[in-house]
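One structure below.
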Amino acid sequence: MKFKTTLAILDYPSPLTGDVFPLQIVEEAIEKTRLKLDGRLLLGALFDDLDMLKQPVNKTNLSPEDIEELTIRRNLSYFRNRSNNLSHVITDLYTEKDLWVAEIETLLTGKGLKLEALLSREKKPEELVKFRPVVLRNCSAGIVTSINQIVSIDAVVREMKN
């Protein structure tokens, strides 16, 4: 199943992190990622267990070495979880007016079939699943100054209220 989703409103603070993604920076990052996109090598994961993403870290009174170790552990945990939850391939990324847009195609994996089922429900898919860019970036005063790499576009299931 193919699906088109909005990742962010450009030049506007993100509701999750408060960071602002400028249009030019995002377009440059997309062009750097074009070979991966054309080769269908940019994969995404479905995270349906929100506790898996929460990494409680108390950074008070930590040395720089301890902070670096915690960062490495958090990144390793993300990639381990991601490899178990692969669900889709990102077929295209582009900007459309003031939006950062992604086109995805679900994979025939357990998580891919679950994502497909969530996206095909009668309820609006945006109410069930939120797609978010996972990027290596540099920030200054809440504004992204460069995106070094687009790692993935992940899908996160929103908490469902019964």
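Since every read-out is calculated from the coordinates, none of them should be taken as a lab result. Note that the structure is a prediction, hence the values are computed from the model and not measured. Reconstructed Cβ throughout: ideal geometry from the backbone, glycine too, with neighbour counts over all protein chains shown.
Whole-Hz Karplus values for segment 81-96 come out as 5, 4, 5, 7, 10, 4, 9, 7, 10, 8, 8, 7, 10, 6, 10, 9 Hz, taken residue by residue from phi with 6.51 cos²θ - 1.76 cosθ + 1.60 and θ = phi - 60°; glycine and proline positions read x. Of the residues 79, 47, 21, the one with the fewest other Cβ atoms within 10 Å heads the list, and the complete ranking is 79, 47, 21.
Distant-in-sequence amide contacts of residue 129, defined by a placed amide H-H separation under 5 Å and a gap of 5 or more residues or a different chain, comprise 158.
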